[in-house]
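First up is the structure itself, then whatever we jot down about it.
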Amino acid sequence: RTPGLRCTFVRTALVSFRPDKMAAFTVSMSALVGAPVKARAVVARKAVQQRGARLIVRAEGEEAKADSFAGLKPTKAADFKSMSNDELNAQIVEAKKMLFELRMKQSTRKEYKGHHFGILKTKIAQIRTVKREREVTEGVNKRDSRKIKREERAANIYL
């Protein structure tokens, strides 16, 4: 294995090779449908020969899709204390959907950033903590709190 060579394979595809730019070369999905194994081996050999090259395999249109994780930053529980319960529920739903998308990226071997898992899980925990603190100040005990959670889950599958 050549040091400094990063290969990310999502699916097999033909490579559009740019020798003038040694930094990266991109693979197009539509170009490689039914390509022989020899062609793929040649592509891999060329990638190894080029030091510091980076092979990125993407399906068509993936470059154009906006990354929803670009602005994801760590949060604090104090950020959520000013929100209403409905807004908190909406934030939980949004965070859980993003967590699902992140798991899909991971399972399909697409590029993702692992620290986003921790950020999203922490965000969900902070929101739930704020909700529970409000219930405690209202005098709701644990048993009733769990009953409320079950009812919310029945109404919305993402909670």
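Since every read-out is calculated from the coordinates, none of them should be taken as a lab result. As the structure is a computational prediction, the values presented were derived from the model and not from experiment. So basically every Cβ, Gly included, is an ideal-geometry build from the backbone, and we count neighbours across all protein chains shown.
Listing for the model above:
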{"read-out": "Derived scalar couplings ³J(HN,Hα) [the stretch 123-137; Karplus, 6.51 cos²θ - 1.76 cosθ + 1.60; whole Hz; x for Gly, Pro]", "value": "4, 5, 5, 5, 5, 5, 5, 4, 4, 5, 4, 5, 5, 5, 5"}
{"read-out": "Residues of the stretch 85-100 with amide N under 11 Å of the 7 Å Cα→Cβ point at Glu138", "value": "85-86"}
{"read-out": "Theoretical gain in end-to-end length, Lys149 to Ala125 [0.36 nm per residue, Cα-Cα removed]", "value": "7.2 nm"}
